[in-house]
1. Taking only the alpha carbons of the chain, what extent do you get along each of the three principal axes, in Å, biggest first?
2. Calculate, axis by axis, the spread of Cα positions in region 245-290 along the three principal axes, and write the results as whole Å, longest axis first.
3. Please determine, in degrees from 0 to 90 and to the nearest 10, the orientation of helix 121-130 with respect to the longest principal axis defined by the Cα atoms of the chain, where the helix direction is its Cα long axis.
4. Can you tell which of ALA394, ILE367, ILE406 lies farthest toward the positive end of the dipole of region 334-427, using +1 and -1 charges on the Cβ of basic and acidic side chains (Lys, Arg; Asp, Glu)?
5. Please list the three semi-axes, largest first and in whole Å, of the ellipsoid equivalent to region 14-139, using sqrt of 5 times the eigenvalues of its alpha carbon gyration tensor.
6. Angle, helix 261-270 long axis vs. longest principal axis of the chain, Cα atoms, 0 to 90°, nearest 10?
7. Pick out, from ALA277, ALA225, GLY166, the residue whose Cα sits farthest towards the positive end of the charge dipole of region 66-367, with +1 on the Cβ of Lys and Arg and -1 on the Cβ of Asp and Glu.
8. Taking only the alpha carbons of region 331-383, what extent do you get along each of the three principal axes, in Å, biggest first?
Amino acid sequence: MKTATGTTIISHGQLIDGTGAAAVRDGVVAARDGRIEYAGPAAGAPRVEPDAKRIDARGGTIMPGLVEAHFHPTYFDVANLEDLDIKYPVEYVTLLAGTNAALALECGYTAARSGGSLFNIDFWLKKAIEEDLLPGPRMAASGREICGVGGLMDWNPDFRKLGMEGLVLLINGPDEGRRAVRKLVKDGVEWVKTYPTGDAAAPDTNDHHTLCMTFEEMHAVVAEAHNHKLKVTGHCRANEGIKNALRAGYDTLEHGTFMDAEALDLLLARNTPVVPALQFEYASIVHGPEFNMPQKVIDGHQETLDAGAESARMILQAGGRLGMGGDYGFAWNPHGTYAKELTFFVRHVGFSPLETIRAATQTGAEIMGRQAEFGTLERGKLADVLVVDGDVLADISVLEDRGRLIAVLQGGIVKAGRLARSEAARS
Ligand SMILES: [Zn+2]
């Protein structure tokens, strides 16, 4: 991805650096050739040449670009489990994924980790974004997911003779787990996404307390993935699935819903980040009835939400790491509403805005293994910056409103926000 040339000065706003430190009331970010040269109080800002590009935060907020830590670029208007599989030809799904990536950047998300994709679309999407062919977040790809036969993602009875080759690699036993990882290695992904447990969405045979992979399968997946320098994550709701994942050496957990004290100890000993993805559960409960969601599914989402919020609080209080993101692309939780996750954590889970922003920036970059490049506003890092018209500490939901974004910068280049629109109108 190209970076800017020359100097850019962003000023007249409170500066939140993403580390969890208190905001600097009158802050400045100075970037040269796409990298941050200074981020701190205006009083200490370096003198710059008169022709430097200037961005005025208008008394609002200057903060790091957001990281969506559980991004499904190929989800689109998903209304039931079957919609997760290919419901359009792969050509059209690829175009939809490109649209979703552009939308994420418009929403202030300058980086995103895929939580699984149809076919290998996220890998190629990442390449197109890196080569500046399409606008979008800096990405990490996962490609197809791995699940045990008969598990959450294997819902087609055999008589239908439907493969799931675009969605998931179905395995029986550790050897097939290794085989699936070897295929993903050749696809070029960085993350292996697995399904250790079920979900409230499948209450009859794979609910949120059901295991969908054995420890032996998970351990084989991790050994093979780590051998090839890939990382492993998994959809972990049931308590035993969380412990299996931690003992098997998972690099992150998705959801981490039903934690107990023993799971928390295992987690803290490994410092494994968790991406709870709670807004999806909340939206499912609120909007489920409009979509004819069965009551037992809604009840399952409520149980998941309550336990997931409690687990997130436990992890935060114990000093563990959390990322923000989650399963946008459902009909009731659409792409473009990613920042609702942050609002939910402040209003319903009890996180402070600074804790929530740190999770959505610094920890997101750590999850992607790219904390040396972005995630905080610190000297030497890429100038991936959000300039917001409003005080996000007073009202975090300002981030949900694209109209309040003055500028979204990647590598010092204004890619989205009001400033990008007015620059486009002038040229
Ligand atoms: Zn997901």
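Any read-out appearing in this document is the output of simple, stated calculations on the displayed coordinates, not a laboratory observation. Here the structure is a predicted model, which means the values were calculated and not measured. FYI the Cβ positions are ideal-geometry reconstructions off the backbone, even for glycines, and counts take in every protein chain you see.
1. In descending order, the Cα extents are 71, 45, 43 Å.
2. For region 245-290, the Cα extents along the three principal axes come out at 42, 19, 14 Å.
3. 10 degrees
4. ILE406
5. 37, 16, 11
6. With rounding to tens, the tilt is 60 degrees.
7. ALA225
8. 38, 26, 17
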